[in-house]
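Take a look at the structure set out below.
Laboratory data are not the source of any read-out in this text; all were calculated from the coordinates shown. Note that the structure is predicted; figures quoted are calculated from it, not measured. Neighbour counts run over all protein chains shown; Cβ positions are idealised from the backbone, glycine included.
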Amino acid sequence: MKAQGLPINMIVIIALSLLVLVVVGAFFITGMGRAGPSMMPGNQTCPSMCTAIKGDALASTSCETIPTSNANRYCAAGCAAEDCQGITTADGTSCTLICEDGTASFSAT
């Protein structure tokens, strides 16, 4: 008796199908389908995070004392520092957000 095997064409089609499934799965699992950095998990957008930063600033007395937790999230998400303007402290000092390597800092302007 001669052994029955799968034709080479069938093996190639199965391999390509598995590759496509892996790529599609990775696309959805890693979030590569997102429109860009302006949409964040939990529906937090760059503008809404900027609003949170401005709230932190209003509760502070100087640019150096503004908490950086919201600002660090903003910068790490790839939001542009220049898009978050009008940061003012409780005493009226204008501050500029600086994003470097995903870390935030503030300077008086």
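Only Lys, Arg, Asp and Glu carry charge here, each on its Cβ (+1 for the first two, -1 for the last two); on that basis the range 41-108 has a dipole of about 200 debye about its Cα centre. Taking a span of 20 Å or more along the helix axis (Cα atoms) and a mean Kyte-Doolittle hydropathy of at least -0.5 as the rule, the DSSP H helices of the chain that qualify are 8-29.
If you run the Gaussian network model on the chain, springs between alpha carbon atoms under 10 Å, then out of Ala52, Ala80, Ala15 the most flexible one is Ala15.
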